[in-house]
Every structure is written in C-alpha cells, then in structure tokens.
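Colleague: Got a structure for you, written out below as structure tokens; questions coming shortly.
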Amino acid sequence: MSANSETAASAVPAGEAPLGALACPEPNARPDLWPTTARRTDSGELEIGGRPVSAILEQAPAPVYVMDEADFRGRAATWAATMAEEFWEGYGLKGGSAFYAGKAFLTTRVARIALEEGLGIDTASRGELAVGLAALEEVDGEDATVRAARLGLHGNGKTEDEVSTAVYHRLGHLVVDSSEEVGYAVAAVRRWREAGHYGPQEQAGLMVRLTTGIHAGGHEFISTAHEDQKFGLSTHTGAARQAIDRIIDAPELELRGLHSHIGSQIADFAGFEQAAEAVLRLRHEVAADTGWLCPEIDLGGGLGIAYTGADEPAPSPAALARSLAAVVRSLCTELGDEAPHVSVEPGRSIAGPGQVTLYRVTGLKRVELGEGASRLYVSVDGGMSDNLRPALYGAAYTALVANRLPGPEAGLVRSRVVGKHCESGDIVVRDVDLPGDLTVGDILAVPATGAYGRSMSMNYNLFTRPGVAWVHEGGQGWVLRPETVEDLLRLEG
Ligand SMILES: *Cc1c(COP(=O)(O)O)cnc(C)c1O
C-alpha cells in the first residue's frame with residue numbers, strides 16, 4: 001500500500017508549516033542530529049557503525065535502539081578533556097571534571113566506557129548505583145577508594161539505607177537533598193566506624209544540592225532550580241545554610257562542595273553563569289562565617305541537543321566550559337577566594353545523539369482535515385513505551401525513512417508517527433513530512449533517542465521493552481537484550 005495512492009500531494013492544515021519544512025534532515029545535512037558514523041550507503045540505505053539498517057535488523061528485530069558506540073565514547077572523551085583543559089590549574093583554577101549522568105542511559109558497558117574515557121558516573125537510585133559499582137570493578141589500576149571517588153549519588157528523598165551504602169563506598173559526590181539525609185549520613189559514619197570499616201576520625205564527604213531560584217531551559221518539568229519544586233535546599237529561605245552548617249559542625253562529616261542543577265535541554269549559558277555565581281557567593285559567605293572554604297562546586301548537567309531540523313545546533317561542551325571557567329576565575333578573584341575544583345554532570349549531551357530508534361511501519365491511515373488538508377497517521381511497532389518524552393513533555397522528534405531513498409516522484413505528506421498503545425497521546429513524532437511513497441514494512445529511524453529513551457521505557461500494555469544494539473566498525477551486539485514475554489511472566493507471584 002502506498003500513502004499517495006489516492007492523491008499525489010496533500011495540503012497541510014491551516015496554520016501549520018509549509019510542506020517540506022518538517023522533513024527530517026539527512027545525516028550529511030545535519031550531522032549533529034545523528035550518530036557520528038551515520039550515512040547513506042551507495043544503495044540509499046541508512047548505515048550506522050558501518051552496518052546498514054537492514055543488516056542491523058536481521059540480528060536485532062525492530063523496534064530497537066541502535067547505539068553507535070564510537071559516538072558515545074567520543075562525546076565522553078570530549079567532555080573529560082574539555083573540563084580538564086578549561087579548568088587547568090595553570091590558568092589559576094583547580095581543575096575540572098565531568099560526571100556522566102547515568103539516568104540518561106546506563107548499563108555496565110556504558111558506565112565502563114564513560115570511566116575509561118575519564119568521566120565519573122552520577123547515579124540517582126539503588127539500581128544505577130549498583131551498575132556504577134559493577135563498572136568500577138571492571139576498571140582496574142586504582143584502589144577501591146580512589147575509584148569510588150568517581151561515583152556520585154543524587155536524588156530527593158534518599159532512604160537511610162541508600163545514604164548508608166553511599167557512605168560505605170565513600171562516593172566522591174554524595175549530594176544531599178534534605179536535612180534528613182544529613183542525619184542519615186551522620187548515623188552511617190557512626191555505624192561504619194563501629195564496624196571498623198571507617199577509621200575513628202574518618203569523615204564522609206557530602207555535597208549539598210542548592211535551589212538558587214534560577215530557572216533555565218526546556219519544559220517546566222525539566223527545569224529544576226526555581227523555588228517551587230521538590231529538588232534541593234533553598235538558598236533564600238535558609239534551608240541550604242542550615243544543612244551546610246550542620247555538616248560543618250558534625251565531626252562525622254566534611255562539606256566537600258556545593259551543587260546546583262538548573263534544568264535540562266538548555267541552549268544558552270546565562271542560567272549556568274548565574275547559578276555558578278550564586279553557588280560561589282554562598283561558598284564565600286560560608287567561608288567568611290565558619291572558616292571552611294569548600295574545595296569543590298558542581299554545576300550539574302543540562303546542556304541541550306538538537307532533536308529535529310527545526311532545532312539550532314547545540315552549543316559545544318567547550319563553549320559551556322569556557323564560559324563557566326570565566327565566571328569562576330573572575331568571581332573568585334573578586335571575592336579573594338581560592339578557586340574550587342569544578343564539576344559538571346552532562347547526561348543528554350553525551351548519550352543522546354549516539355542512539356537511533358529503528359521502527360517498522362505497520363499501518364498507514366490518511367485523515368482528512370477539511371479544505372483539502374490531510375494528515376497521514378503512520379503506525380509503528382513501538383510507541384510511548386519506548387519513548388515517553390513526547391507524552392511526558394511534548395518533546396519533538398523527527399523520523400527518516402531508513403531502508404531506501406524515496407522514489408523520484410514520491411513528494412511529501414504531512415505525517416504523524418504514532419505507537420500501538422491504548423492512548424491517543426501515544427505519539428512518537430507529532431509532525432514530520434514523510435515521502436509520499438511510504439509503505440508498510442519501511443523502516444523509520446528516529447534520531448537522538450539515546451538519552452531518556454531506553455532509560456524511561458516501560459511495559460504499558462505489557463509491551464516488552466526493546467533492546468539496545470551496539471554497532472561499531474561493522475560489528476554488532478547487545479548492550480541490553482530485548483525483554484521477552486517470559487521476562488514479564490517470570491515476575492508474576
Ligand atoms: C538530570 C540530571 C543531570 C543530567 O541532565 P542532562 O540534561 O541529561 O544533562 C545532571 N545532574 C542532575 C542532578 C540531574 O538531575
């Protein structure tokens with residue numbers, strides 16, 4: 001069946017972009033949207049990691065996430081090198097590092113690559129922490145304490161048990177988000193001292209997550225540093241200062257640093273710079289009052305990426321690091337403080353562009369919208385269970401026909417790619433112009449699904465979650481195998 005079997009060209013609904021404006025850019029036109037190794041083969045197929053999509057799907061049937069391993073490795077290495085370079089001690093700074101925000105996409109293999117390339121790993125749950133610790137075991141050459149300095153634990157509402165585990169492993173970035181967590185950390189140090197696991201004078205290092213009131217980026221749900229929300233301790237109400245003073249006073253604890261994460265999918269640096277300033281001013285105030293100048297600040301993640309041809313190319317990690325380094329240098333000079341070590345926590349900008357979701361087209365339905373306008377509903381063999389972001393945030397994606405180039409007369413059709421779930425909000429790509437000769441069985445590639453794709457996937461309608469196939473230099477394997485119906489049945493009581 002061909003989408004244009006009835007009419008050759010379709011008018012777009014009034015008020016929408018002209019036909020063609022929403023076509024998905026090819027990898028050569030917008031390389032930033034695609035994994036670094038993505039290209040069209042001579043026969044017109046999309047290829048990633050040296051493998052045409054038809055070959056990928058022979059071993060890993062659709063729907064599947066495809067991870068260009070070299071892409072992830074390259075972005076990880078870039079962040080590590082950039083932070084080291086821009087915060088180099090020779091510039092009067094105290095070094096910089098990047099922790100990969102594992103919630104974007106984490107498996108032991110992914111964590112190991114990040115560690116090998118010089119990043120730390122941020123975790124935000126028992127499961128993420130377990131995966132981070134498992135990856136550390138595979139990276140040798142340093143003792144356990146040195147290695148665990150490269151792990152972080154985040155999250156509001158940590159349990160006593162989670163804090164105790166983090167203290168036990170001596171995580172480098174244990175970021176407390178409430179006064180309860182400070183209490184749990186005191187209790188944990190006492191417990192681990194009694195058990196002989198901590199020395200009698202040994203302290204646990206904590207960071208404090210600040211809410212500075214600075215709002216930046218994206219959708220309301222992914223903007224996390226304005227006041228009226230669940231994360232962090234306010235710098236305005238005194239809550240942050242209370243937690244800080246309590247840590248400084250506790251013989252079990254050391255205030256390692258101050259932390260701020262202002263949001264996600266951010267394209268301009270003003271919010272980051274203001275947050276850096278707020279954090280450095282509080283650090284100065286605390287030092288003036290207590291004599292303790294904490295050695296580190298962490299400015300969180302949030303650098304955005306492009307998802308569709310309508311998005312501007314994202315700023316580079318180097319541009320962000322440079323602007324932060326300038327703020328730190330000038331403000332610390334002004335305040336007369338020694339500069340802190342500066343960390344950041346990119347997730348999306350490392351994991352996002354390196355993965356593509358491949359779907360098979362399962363059905364086509366043309367809906368008439370009046371005045372000659374129509375929309376083609378393209379059903380694929382996945383949906384909101386493998387990409388929750390459109391339903392959760394109204395996030396925009398795009399899609400490219402990946403198994404072939406369109407025919408010369410195909411034209412374009414205003415289309416909406418939808419999943420198979422029992423929700424009308426189950427939309428994969430709200431608006432995209434697809435070739436008029438699209439047929440059932442074609443393969444659609446949705447770029448930039450590497451961050452918050454598989455990691456936010458779920459089992460609604462008892463869908464089994466797709467696997468993540470790695471591709472590299474013509475080879476292929478599983479980063480994560482696909483779930484099976486047996487996996488679902490296995491959990492039944
Ligand atoms: C989500 C999150 C990140 C990563 O955000 P990205 O937008 O993926 O870079 C980093 N730090 C914290 C505390 C987060 O919650």
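Colleague: Tally time: how many residues in the stretch 287-322 are among the small types (Gly, Ala, Ser), out of contact with any helix residue (DSSP H, G or I) (no Cβ under 6 Å at 6 or more places or on another chain) and within 16 Å of the ligand (Cβ to nearest atom)?
Modeller: Going through the stretch 287-322 one residue at a time, the tally reaches 7.
Colleague: Right, here's the next one. Looking only at helices (runs of 4 or more DSSP H) that lie completely in the stretch 26-131, which have at least 2 residues being basic (Lys, Arg) and at pLDDT 95 or above?
Modeller: Those helices (runs of 4 or more DSSP H) span 69-86, 108-116.
Colleague: Listed residues Gly141, Gly157; which is within 16 Å of the ligand (Cβ to nearest atom), on the phi > 0 side of the Ramachandran plot and at pLDDT below 95?
Modeller: After applying the criteria, what remains is Gly157.
Colleague: Here's another thing I want to ask about it. Looking at the stretch 259-286 only, could you name the residues that are within 13 Å of the ligand (Cβ to nearest atom) and not polar (S, T, N, Q)?
Modeller: Within the stretch 259-286, His259, His261, Ile262, Gly263, Ile266, Ala267, Gly271, Phe272, Ala275 qualify.
Colleague: Among the numbered criteria (1) in contact with a strand residue (DSSP E or B) (Cβ under 7 Å, 6 or more places away or on another chain); (2) within 16 Å of the ligand (Cβ to nearest atom), which single criterion is violated by Ser415?
Modeller: Failed condition: (2).
Colleague: Which of the residues spanning the stretch 256-278 are touching a Gly at 6+ places or on another chain (Cβ under 9 Å) and not in a helix (DSSP H, G or I)?
Modeller: Answer for the stretch 256-278, where residues must be touching a Gly at 6+ places or on another chain (Cβ under 9 Å) and not in a helix (DSSP H, G or I): Arg256, Gly257, His259, Ser260, His261, Ile262, Gly263, Ser264, Gln265, Ile266, Ala267, Asp268.
Colleague: Here is a further query. What's the number of the only condition in (1) crowded, with 18+ Cβ neighbours inside 10 Å; (2) at pLDDT below 95 that Glu16 fails to meet?
Modeller: Result: Glu16 passes all but (1).
Colleague: Please verify whether Ala135 is under 30 Å from Cys332 (Cβ atoms) and of a type outside the set (Phe, Trp, Tyr), treating the condition exactly as stated.
Modeller: No, not satisfied.
Colleague: A follow-up question, please. Please report, ordered by residue number, the helices (runs of 4 or more DSSP H) entirely within the stretch 289-400 with at least 2 residues that are open to solvent by less than 10 Å² (accessible area, probe 1.4 Å).
Modeller: Qualifying helices (runs of 4 or more DSSP H): 317-335, 348-351.
The values are calculated or read from the model by the stated rules, or taken from the named source; none is laboratory data. Treat the numbers as computed from the prediction; the structure is a model and nothing was measured. Because the Cβ atoms are built from the backbone with ideal geometry, glycine has one as well, and the counts that use them run over all protein chains shown. To get the accessible areas, we keep the full protein, side chains included, count just its heavy atoms, and leave off ligands, DNA and RNA. Shrake-Rupley method; radii C 1.70, N 1.55, O 1.52, S 1.80 Å.
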